[in-house]
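No value in this document is a laboratory result; all are computed from the given coordinates. Just so you know, these numbers come straight off a predicted model, no measurement behind them. Here the Cβ is made from the backbone with ideal geometry for all residues, glycine too, and neighbour counts use every protein chain on show.
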Amino acid sequence: MMWTKCLCLLWALSALCAPVNKQRQRMLLISFDGFRWDYDRDVDTPNLDQMAMDGVKAQYITPPYLTITSPTHFTLLTGLYVENHGVIHNMWFNTTTTEKKPYYQTLFVNEWWDNGSLPIWITAQRQGLKAGSLHFPGTSSSYQGEVAMVREVEPILYNYKNETAWRENSDKVMGWFRDQDLDFVSMYFGEPDGTGHRYGPDSPERQEMVKQVDRTVGYIRHLAETHGLTNSLNIIVTADHGMSNVYRNGLVEEITLSAIPGFSFRDIAFHLVDFGPSGMLLPKPGKLETVYSALKGAHPHLHVYKKEDMPEHLHFAKNDRILPIILWADPGYVINGYFPVQFHKGEHGFDNQEMDMKPFFRAAGPAFRKNLEVGPFESVNIYPLMCHILGIEPEVNDGHLNATRNMLVTSTGTRGENRSILQNTLTGIAAVAGFLAVVFVVVTSRQILKRKRKDKRSGSVQHLPEEENTKQTGF
C-alpha cells in the first residue's frame, strides 16, 4: 500500500513538472537601407504607425561604426561590432596589389565575409531550424562551408526602387515560410538609401519613397495574415544607418586631401577615400608620422586618428583589415582625395553617435508586447533578441538580451525555454525518484525488522519448515 502511494506521488509530480507545449516562434528580419529614425515624422505612415500600436517602436537605434551598408548589416546578423566581425567596408581591397572591388562585386568575395563570424542563418540551421535570406548583404557567401538553405541574391544593376519587385519579393518570402516551413528569413530593400543619396534626406523624393516603404510594410503584414502566419511570425523592421545632408556650392570649405599642406599621395601606399565622409590610409614604410602630422588639425571638420588611438565607442581598431590611419568628417562634409568627385546630396558613414546616423526600429508578433515605445539601444542587441525568440543559443556576440528583454511578453514560448523547462523537469523527477528510493529502502527495512521481532517474540519454530519449503518452491 505504501509503495502504491509513492508511485502515485511520483506520477503526480511528473505531470506537474512536464514542459508545456508553447507556440512556435518564427522571425522575419527586414532592413530598409538608409531609413533614418525620424523619416516617419514628415510623412503619413499608417502601416508603420499600426505596427507600432500592434508591437514595439524604439525611439531610435545606434548602428556600429563604420556607418555604411555591409558592415552595419553584418552586425545585425552577428551581434558583433565591426572590428569583431571583420566586414570593415563595403569594398573588398588588397593593399599589396591596390585592387578594390565595388559593393556588388564584394558581395561575392567569400573570404571577405567568411572570416570567423557566423551569421544567424548558420547558427539557426546548426540547431535544427530552417533559414533563408533574400538580398541581405552576406547572403551569397558560405560560412565554414555552409549557406542559408534558401537564398536569393539580387542580379547586377538591380533596380532597388521598383515597387512591383518589392511585392514580388514579399510574396516569395512569405511563400518560403508557408511552403518550405522556414523559421528565419532576412530580407533587404535598397531604399530609401538611394533616394536619400541622390536627392537628400529632406527632399520630396525621399518622402515619397518612405510612403512606398510604408505600403510595403502593410503588404507584408497582410501577407502574414493571409498565409496563416500571424500566430507564429515575429517581424522586425529596421535599417542599417541613417542619412545626412551634404553641403556644397560654396556653403562650406570642402575637405580635399591633396590640397592640405604637407600631405602628398606619394607617401601613401594604399587608400580608401572618395567614398563619402570616411576613409582609411596606408602610409608607405616610414611615412606614418609624416602623413598623420600633416592631416591632424588640417581642417576643422576632419577627424584624423591612428588606428590604436581610435575612440573606444567606435569599436573600429582591433582588426588587421583596418588600415593604420582612419579619417572621418563631421556631418555635412565628405572627404575628397585628389579633387572633389562626389556629388550626392545625402551621405552616411559619419560617427555613429550623430543623430543623423540613427536608424528606425519596429517589431510586432506573438513574442512582442503591444503599443510599447522603448528608448534607444544599440543594433548589436538585435541579434541576441532574435536568438532568444527563436530559442537558439547565440554565438559569442557584443549584444545583451537585457537591452531588449522589456519588449517581450512574459509568455514568450521559445525552444530555448522549453529546453530549460525540460532540464528542470528531468532534474525534478530525478530528485523525486531518489527520494522515493530512500522511502522504499526505509519502508522495506522496517518491515523486515518488524517481522524479525515478531518471530523472536513468538519463540516458535513450527513455521520454519513451512517458510523453508515456501522458499524452495519459489526457487
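Of the residues that make up the stretch 70-78, is at least one polar (S, T, N, Q) and more than 25 Å from ASP330 (Cα to Cα)?
yes
Filter the stretch 171-191 for residues that are in a loop (DSSP other than H, G, I, E, B) and within 24 Å of ILE68 (Cα to Cα) and give the result.
GLY190, GLU191
Inside the stretch 342-364, can you point out the residues that are closer than 30 Å to ALA224 by Cβ and in a strand (DSSP E or B)?
The answer is PRO359, PHE361, ARG362, ALA363, ALA364.
Going through the stretch 365-383 one residue at a time, which ones are of a type in the set (A, V, I, L, M), in contact with a strand residue (DSSP E or B) (Cβ under 6 Å, 6 or more places away or on another chain) and not in a loop (DSSP other than H, G, I, E, B)?
Correct list: LEU372, VAL374.
How about the stretch 203-218: which of its residues are surrounded by fewer than 19 Cβ atoms within 10 Å (Cβ to Cβ) and either in contact with a His (Cβ under 9 Å, 6 or more places away or on another chain) or in contact (Cβ under 8 Å) with a residue 60 or more places away in the chain (or both)?
Selection gives SER203, GLN207, LYS211, ARG215, GLY218.
Go through the stretch 283-309 and count every residue that is under 19 Å from ILE255 (Cβ atoms) and not in a helix (DSSP H, G or I).
Number satisfying all stated conditions: 12.
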